[in-house]
Amino acid sequence: MTQLPISYPPAKHILRSLRYEVEHRPDFTSTASMEAGPNLRTTSGHVEIGALATLADATAGGLAALAASPGWIATSDLTLHLAGAVNAERVLAHGRVLRRGNSKIVLAVDLESEAGASLGIATMSFSVLPRRDGNPIMSSSSEVTTHSFLPSDGQLDNGSVEEHIHEAIGVRTITDVIGGVESDMTEYVVNTLGAMQGGAVATLGAASASSALQAATQSNELFECVDLVITYLSLGKAGPIRASAVVTQINGDWGTARVEIRDSGSENRLMAVVAATAVRVESSPNTDGSL
């Protein structure tokens with residue numbers, strides 16, 4: 001087993017907030033984990049779906065990069081279906097390559113608690129790109145590789161790692177837009193292509209959908225996303241990155257919304273479209289992975 005030197009991510013980064021650790025194996029499978037601390041939870045105590053999407057995206061992305069070597073990859077789409085609101089204190093991600101082609105790589109990531117309870121599944125596809133200067137150098141796929149993206153000592157000392165994921169990303173509300181939220185482009189959300197990381201995009205999309213559904217019901221009840229279907233259309237590099245939503249259905253205790261995410265600093269270019277399903281949140285969660 002080899003431990004690779006890591007030049008990515010930066011000292012303060014979304015992956016470090018997850019305390020993300022991963023092992024990639026020569027058979028193009030992987031196992032990763034994140035610690036679902038208070039900084040990764042909703043106001044009701046459930047694990048943020050954006051953090052889970054980041055876990056899935058990072059796990060699949062690292063595996064896809066190995067499968068695409070010596071080329072590089074960019075996320076094309078991500079579908080995340082949760083079995084319900086997630087309450088586990090530690091979440092494991094088991095990734096596997098489903099298809100390895102010359103132009104596209106397709107993967108699945110199963111999410112589960114440490115106790116083995118199934119929490120959800122993500123499927124993702126990545127476009128294979130030519131390698132660019134600055135892309136991380138991946139070790140040979142014939143070896144087991146491990147990465148640990150843990151907080152730096154400085155982060156632990158000043159407490160910044162405990163910022164809520166929304167605060168760390170810099171999510172803020174746009175009051176005159178339905179489901180309007182935005183954030184700036186910072187090192188915290190950057191990916192290996194210098195654009196907003198796919199999980200951060202998912203976090204904005206989920207926040208936008210939840211906000212729009214809550215506004216549509218004109219109530220104080222919270223909505224939390226349990227399903228995300230994201231199509232990534234272009235890279236967001238300038239910022240602010242802005243999301244807006246259209247509510248497509250509200251039925252009893254759940255609803256759906258369509259979200260558009262745009263790079264306002266790059267001629268308002270459409271970056272991603274998100275189809276989200278969210279449920280009303282009423283009960284306080286346990287921490288064993290069950291509802």
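The values are calculated or read from the model by the stated rules, or taken from the named source; none is laboratory data. Quantities reported herein were computed from a predicted structural model and do not represent experimental measurements. Please note: Cβ atoms are built from the backbone with ideal geometry, for glycine as well, and neighbour counts cover all protein chains shown.
The figures follow:
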| item | result |
| --- | --- |
| Residue selected from region 168-180 under the condition under 24 Å from Gly61 (Cβ atoms) and either part of a helix (DSSP H, G or I) or in contact (Cβ under 8 Å) with a residue 40 or more places away in the chain (or both), by the criterion farthest from the chain's Cα centre (by Cα) | Ala168 |
| Close pairs from region 265-291: first closer than 27 Å to Ser219 by Cβ and buried (at least 17 other Cβ atoms within 10 Å of the Cβ), partner among the aromatic types (Phe, Trp, Tyr) and at pLDDT 70 or above, Cβ under 8 Å, at least 6 apart | Thr277/Trp254; Ala278/Phe223; Ala278/Trp254; Val279/Phe223; Val279/Trp254; Arg280/Phe223; Arg280/Trp254; Val281/Phe223 |
| Subset of region 200-251 [at pLDDT below 95, part of a helix (DSSP H, G or I) and either of a type in the set (Val, Ile, Thr) or touching a helix residue (DSSP H, G or I) at 6+ places or on another chain (Cβ under 6 Å) (or both)] | Thr217 |
| Residues within region 49-102 that are surrounded by fewer than 17 Cβ atoms within 10 Å (Cβ to Cβ), of a type in the set (Gly, Ala, Ser) and under 21 Å from Val229 (Cβ atoms), tallied | 2 |
| Tally, over region 6-45, of residues that are closer than 26 Å to Ala207 by Cα, of a type in the set (Val, Ile, Thr) and part of a loop (DSSP other than H, G, I, E, B) | 2 |
| Of all residues making up region 172-214, the number that are aliphatic (A, V, I, L, M) and out of contact with any strand residue (DSSP E or B) (no Cβ under 8 Å at 6 or more places or on another chain) | 1 |
